[in-house]
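Notes follow once the structure below has been shown.
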Amino acid sequence: MNKKVTKIGVLTSGGDSPGMNAAIRAVVRTGLYHGMEVFGINRGYSGMVENDIQPMTSRSVANIIQRGGTILKTARSKEFMTPQGRRQAYDNLQKHGINGLVIIGGDGSFRGAQVFSNEFDIPCIGIPGTIDKDIAGTDFTIGFDTAVNTAIEAIDKIRDTADAHDRLFIVEVMGRDAGYIALHSGIATGAEHILIPETKTNIEEIIQGLSEKEKRQKLVNLIVVAEGDEFGGGNEVGKIVKERLPNADVRVCILGHIQRGGSPTCLDRLIASRMGYHAVESLIQGRHNVMVGIVNNRMHYLPLDNAVKAKEKFNKDWLTIVKILAS
Ligand code: F6P
């Protein structure tokens, strides 16, 4: 496994996240700085299977640090999940002489990298890029900070109109089966309740609190719901509340994919640049099959296997904070 890495491929896989371009830029320029050849693999693992691969120069990554999305495009590849697809992908890498890979993506992408590197002799380094922040071994994932800031900007606006009408707003945010976007954006916007998949919600308690407010003929409230919560997201929570409080003026707003776009924040550009740089340094140092994370502001290398299996530990204290601050 410890052959000298001279030609690296970089790809983005799974859901895009703001800051992925900054990471690609860092990987390409660090690789070139060390005299490596760097190849961009388009549309994630699909591009590997279909040989959609091109050499990258310093100019290929000019003027992208501030852009959301990913210039390499992304996909969730079905072919790569099959042994034949992975063999095809390996053969294509061989054609270009690529002997090291940097994968920017979430846990699904790391799972693919793990299987691939077990089957073929190619070191893989993962960079955590997902708005969901659902990966262990790193305090940050690229895109989370931007997504949360997008969410709070939208929720602040919703609060204005909620206030004007004395309305109850239920806002659904993304996160798949993780509640970090909901928790962070909910606390930062002063939400009264935050519903997340990591904990059971006592909906009766919430209804009870809302009905007491309804009696006082005022119901300005903000409930932030993670899309993966136990009730099935904002619309479902809205249905329950409307059934139980038929006189309440309730609106549901699903923020959706706007959370994935936009120019990355300073934090996302910074961590993407650091992680991209250290991913290439890792390949040079002979590391393989690790994810480059940041813990307590230091680089942290976690075996891809663990990054895939473990989820980030959830801090339950935060919910106590929500309760006390919203009272
Ligand atoms: O994983 C990122 C994410 O945006 C999740 O928060 C969301 O559940 C999912 O991707 C949406 O996926 P798609 O873009 O395929 O609808």
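The values are calculated or read from the model by the stated rules, or taken from the named source; none is laboratory data. This one's a predicted model, so the numbers in the text were calculated from it and none came from an experiment. Methodologically, a virtual Cβ is constructed for each residue, glycine included, from the backbone with ideal geometry; neighbour enumeration extends over all protein chains shown. Accessible surface areas use protein heavy atoms only, side chains included; no ligands, DNA or RNA. Shrake-Rupley method; radii C 1.70, N 1.55, O 1.52, S 1.80 Å.
Annotations for the structure displayed:
- Diffusion constant of segment 191-327 at 25 °C, which comes from Stokes-Einstein with the Kirkwood Cα-pair radius and 0.890 mPa s, µm²/s: 132
- If R0 equals 45 Å, the separation of the Cβ atoms of residue 298 and residue 247 corresponds to a calculated FRET efficiency of about 0.25.
- Only Lys, Arg, Asp and Glu carry charge here, each on its Cβ (+1 for the first two, -1 for the last two); on that basis segment 145-260 has a dipole of about 300 debye about its Cα centre.
- Farthest positive-ward along segment 1-75 dipole, Cα basis, beta-carbon charges - from 35, 17, 60: 35
- Segment residue 258-residue 94, length gained on full extension (0.36 nm per residue, minus Cα span): 55.2 nm
- For segment 145-260, the number of Lys pairs separated by eight or more positions or lying on different chains, with C-alpha atoms closer than 25 Å, is 13.
- In order along segment 142-154, the Karplus-derived 3J(HN,Hα) couplings, from 6.51 cos²θ - 1.76 cosθ + 1.60 at θ = phi - 60°, round to 5, x, 4, 4, 5, 4, 5, 5, 4, 4, 6, 4, 5 Hz, and Gly and Pro are given as x.
- Straight-distance candidates among the lysines for linking to residue 73, with alpha-carbon spacing under 25 Å and chain neighbours fewer than 8 residues away dropped: 7, 95, 133.
- Each Lys and Arg adds +1 at its Cβ and each Asp and Glu adds -1 at its Cβ; summed about the Cα centre, the chain shows a dipole of about 860 debye.
- For the chain: accessible area per residue (Å², 1.4 Å): 44
- Computed over segment 1-127, the alpha-carbon pair-distance distribution with 5 angstrom bins reads 2, 12, 24, 26, 20, 11, 4, 0, each value a whole percent.
- Diagonalising the gyration tensor over the Cα atoms of the chain and scaling each eigenvalue by 5 before taking the square root yields semi-axes of 42, 18, 17 Å, largest first.
- Theoretical gain in end-to-end length, residue 323 to residue 240 [0.36 nm per residue, Cα-Cα removed]: 27.8 nm
- The slack between residue 164 and residue 118, meaning 0.36 nm per residue of separation minus the straight C-alpha distance, is 10.7 nm.
- Net charge of Cβ neighbours under 14 Å - reference residue 170; Lys, Arg +1; Asp, Glu -1: -1
- MRE, 222 nm, helices only [DSSP H, n ≥ 4, -39500 (n - 2.57), over the chain, to nearest 500]: -13000 deg cm²/dmol
- Note on segment 218-327: with neighbouring protein chains present and a 1.4 Å probe, carbon and sulfur make up 54 percent of its accessible heavy-atom surface.
- Semi-axes of the equivalent ellipsoid for segment 145-260, Cα gyration tensor, largest first, Å: 22, 16, 11
- Segment 1-119 - percent of accessible surface contributed by carbon and sulfur, probe 1.4 Å: 50
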